[in-house]
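Bear in mind these aren't lab numbers, they're just calculated from the coordinates by the rules spelled out. Remember, it's a predicted structure, so these values are computed and weren't measured experimentally. Every residue, glycine as well, gets a Cβ built from its backbone with ideal geometry; the counts of neighbours run over all protein chains shown.
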Amino acid sequence: MVLSVNEFESLILQVSTNTINGIINIKLQDSSDITIQIINLSGKVISTKDYNNLEIISININYLQSAVYFLKVTTASGATNTAKITKE
C-alpha cells in the first residue's frame, strides 16, 4: 500500500495516488510526450516508460518493495518534476 505521496502541481502536471489499489495517477494540463521514471533512494532507476499524447496516466506500483521512491516526469521539451512516493 502507498502510505503517502507529495502532491505537486506545476505548469505541466499533477500527481496523486489511490492508497487502496496502489495506483499513481498523473494528470497533464495538455497531452504531450513524457517519460516517467521510478527511482529508488540510491539513485537506481527501477522503471522507465514513455507515454505519448495522454492527458491522464495511471501507473500500478504494487510490484515495488516497501521503500521510498522518486517519481520523475520529464516532458519532450525537457521540463522535469519529481514527487516522493512512500510505499509500505
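Which far-off residues, 5 or more places away or on another chain, put their amide H under 5 Å from the one on Ser32, with H placed in the peptide plane?
Asn53, Leu54
So for each of 51-57, 71-77 I average, over its residues, the number of other beta carbons within 10 Å; can you give me the resulting order with the highest mean first?
Highest mean packing first, the order is 71-77, 51-57.
Round to the nearest 0.05 the FRET efficiency obtained for Gln29 and Glu88 when R0 = 41 Å and r is the Cβ-Cβ distance.
0.85
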